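The values are calculated or read from the model by the stated rules, or taken from the named source; none is laboratory data. Just so it is clear, the structure is predicted and the values come from calculations on it, not from any experiment. Virtual Cβ from ideal backbone geometry, glycine too; neighbours counted across all protein chains shown.
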Amino acid sequence: MGLKKYSCLLFDLDHTLWDFESNSEEILQELFHKHGLQSRGVTSFNYFYETFVRVNTKLWDLHDRNLIGTEEIRTQRFHKVFGEAGLDDHSLSLQFSSEFLRELPTRKNLLPHAHETLRYLHERYPMAVVTNGFDELQAAKMISGGIHHYFKKIITSQRAGNKKPSKEIFEFALAELGHKAHEAVMIGDNLQTDIGGARGAGIDTVYFNPSGGPHAESVTYEIKSLKELQTLL
């Protein structure tokens, strides 16, 4: 069964189209070996990466709830990762952060079926990315991944002056595209920022849930693979 008729699509970027996990793991492995972290007491790369995922997820959750800003993520993320992994070197953590952020937007990995699905949808709908990511990184990620040309607009929280889940960033995106809330649908992986935020702005939602994890949120539609959008839309 297809969705009702929409006239524009809004997409999250990280974890929905651009494969943050694969791309960050690639870079962290390179930096782990470059800086000889194992010889400095860090047990293994797997342990280091698991620690990064846990710390990063927690920091972005605090950011999404307006409890910390992006600068705190930049400066504190690897300091906390190092500390939990048993390495006390604040200056190296800042250097590590700088190198990580410089390399991150150069990586090309996308989630499965992202290209073919965007190519299909691009011919049928005007589309925008709505993202809380660092302003200067997000467009570069899309260029590296080869998907920037599918989108009419890239709406960042910095540009909109508000971040997901506030309804204002979604209203800003709709104004940029020239569409109303009832004409749009938001596709994203985060129940709080993407789904809850869009719902608060009166926009229908497609929850991208590749793991099929259980939840109690109200979503309009739910998919496990981006390819399903070609059927739904």
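A compact table of results
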item	result
Cross-chain or 6+ apart pairs with Cβ under 9 Å, the range 83-96 first and within 12 Å of Val42 (Cα to Cα), then part of a helix (DSSP H, G or I) and among the hydroxyl-bearing types (Ser, Thr, Tyr)	Gly83/Ser93; Glu84/Thr51; Ala85/Tyr47; Ala85/Thr51; Leu87/Ser93
Unmet requirement for Arg119, which otherwise passes all of (1) in contact (Cβ under 8 Å) with a residue 24 or more places away in the chain; (2) closer than 17 Å to Trp18 by Cα; (3) part of a strand (DSSP E or B)	(3)
Any hit, the range 92-101, residues being at pLDDT below 95 and either within 16 Å of the chain's Cα centre (by Cα) or over 27 Å from Gln29 (Cβ atoms) (or both)	yes
Residue within the range 50-71 that is touching a residue at least 60 places away in the same chain (Cβ under 8 Å), over 29 Å from Ala184 (Cα atoms) and either hydrophobic (A, V, I, L, M, F, W, C) or not assigned by TED's automatic domain parsing to the domain that holds Val129 (or both) present	no
Of the criteria (1) at pLDDT below 95; (2) in a helix (DSSP H, G or I), which one Asp88 fails	(2)
Filtered residues of the range 154-201 (kept if assigned to a loop (DSSP other than H, G, I, E, B) and either of a type in the set (Val, Ile, Thr) or in contact (Cβ under 8 Å) with a residue 24 or more places away in the chain (or both))	Lys163, Lys164, Pro165, Ser166, His179, Asp189, Asn190, Ala201
Residues being in a loop (DSSP other than H, G, I, E, B) and not basic (Lys, Arg) - total across the range 58-76	4
Verdict on Val81 being more than 18 Å from the chain's Cα centre (by Cα), buried (at least 17 other Cβ atoms within 10 Å of the Cβ), aliphatic (A, V, I, L, M) and outside any helix (DSSP H, G or I)	no
Complete set of residues in the range 45-78 that are more than 17 Å from Ser97 (Cβ to Cβ), of a type outside the set (D, E, K, R) and in contact with a helix residue (DSSP H, G or I) (Cβ under 7 Å, 6 or more places away or on another chain)	Phe45
Any chance Ala139 is assigned to a helix (DSSP H, G or I), aliphatic (A, V, I, L, M), surrounded by fewer than 21 Cβ atoms within 10 Å (Cβ to Cβ) and modelled with pLDDT under 95	yes
Residues within the range 40-49 that are out of contact with any Gly (no Cβ under 8 Å at 6 or more places or on another chain) and touching a residue at least 40 places away in the same chain (Cβ under 8 Å), tallied	1
Criterion (closer than 20 Å to Leu67 by Cα and either in the same structural domain as Ile68 (by TED's automatic domain parsing) or crowded, with 21+ Cβ neighbours inside 10 Å (or both)) met by exactly one of Thr117, Thr193	Thr193
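Here is a yes/no grid of residues against (1) assigned by TED's automatic domain parsing to the domain that holds Asn66; (2) touching a Lys or Arg at 6+ places or on another chain (Cβ under 9 Å); (3) crowded, with 21+ Cβ neighbours inside 10 Å:
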{"position": "Tyr125", "(1), (2), (3)": "no, no, no"}
{"position": "Phe134", "(1), (2), (3)": "no, yes, no"}
{"position": "Lys152", "(1), (2), (3)": "no, no, no"}
{"position": "Ile155", "(1), (2), (3)": "no, no, yes"}
{"position": "Glu183", "(1), (2), (3)": "no, yes, no"}
{"position": "Val206", "(1), (2), (3)": "no, no, yes"}
